[in-house]
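Below you'll find the structure, written out as structure tokens, and then a few comments.
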Amino acid sequence: MNADDVLKYGHLQVLRSLDHLPDPATWDVAGVCGWWSVRQILAHLTSYERLLADILEGILGRAGGATLARYLELGPERFNDDEVAARDGHSPAAVLADYDAAQSRSRDLLGQIPVARRREAGILPWYGIEYDLEDLLAYQYYGHKREHTAQIDVYSDAVDRKTG
């Protein structure tokens, strides 16, 4: 697997889905994923990009780890709720800029980790000792983005039918 491409193409999929919603007003309609709007989905994805950067910093042996510690302490559901709520009131453009910056940082950090290290089983014991970093990227990041972009695409099609 090429982990760099996994991050790149996951990111491009998010951007493609958002390109179909140029009107910022469409980003705040609830119900795209559960009760979340597109802006809230993007806030959620942003929180996971920041989490990934924290994970990668840890693999590189750098200080930090506050986001990962919060994720592990709170669990995914509460982490999601808190992180999305922290971005309430931010404009779609601000949330997208935050997402872009976090995603860029993650891709930069990943590039500093040798491929052999990425493929070490157990590198993330909290994720599962049988998994490596590339597994995390494929399942929790690429798959996660594909799931949410599919929801955004369905919503975008509905918006197009209403306005078209």
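The values are calculated or read from the model by the stated rules, or taken from the named source; none is laboratory data. Keep in mind it's a predicted model, so treat the numbers as computed, not measured. Note that we place each Cβ from the backbone using ideal geometry, even for glycine, and neighbour counts take in every protein chain shown. These accessible areas exclude ligands, DNA and RNA; they are computed on the full protein's heavy atoms, side chains included. Shrake-Rupley method; radii C 1.70, N 1.55, O 1.52, S 1.80 Å.
Listed values, structure above:
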quantity: MRE, 222 nm, helices only [DSSP H, n ≥ 4, -39500 (n - 2.57), over the chain, to nearest 500]; calculated: -22000 deg cm²/dmol
quantity: With 10 Å bins from 0: P(r) over region 7-84, alpha-carbon pairs, percent; calculated: 17, 41, 31, 11, 0
quantity: Isotropically averaged projected area of the chain, using the convex hull of Cα atoms (one quarter of hull area), nm²; calculated: 9.3 nm²
quantity: Percent accessible area from carbon and sulfur atoms, region 1-144, protein chains only, probe 1.4 Å; calculated: 54 percent
quantity: Protection-proxy order for peptides 116-123, 37-44, each taking the mean of Cβ atoms within 10 Å per residue, highest first; calculated: 37-44, 116-123
quantity: Pairwise centroid distance, computed over Cα atoms, of region 32-67 with region 96-164, Å; calculated: 9 Å
quantity: Between 0 and 90°, nearest 10: helix 66-86 axis offset from the chain longest Cα axis; calculated: 0 degrees
quantity: Using alpha-carbon coordinates, inclination of helix 3-19 to the longest axis of the chain, degrees; calculated: 10 degrees
quantity: For the chain, the longest site-free run once chymotrypsin sites (Phe, Trp or Tyr not before Pro) in DSSP loop states with at most 14 other Cβ atoms within 10 Å are removed; calculated: 36-125
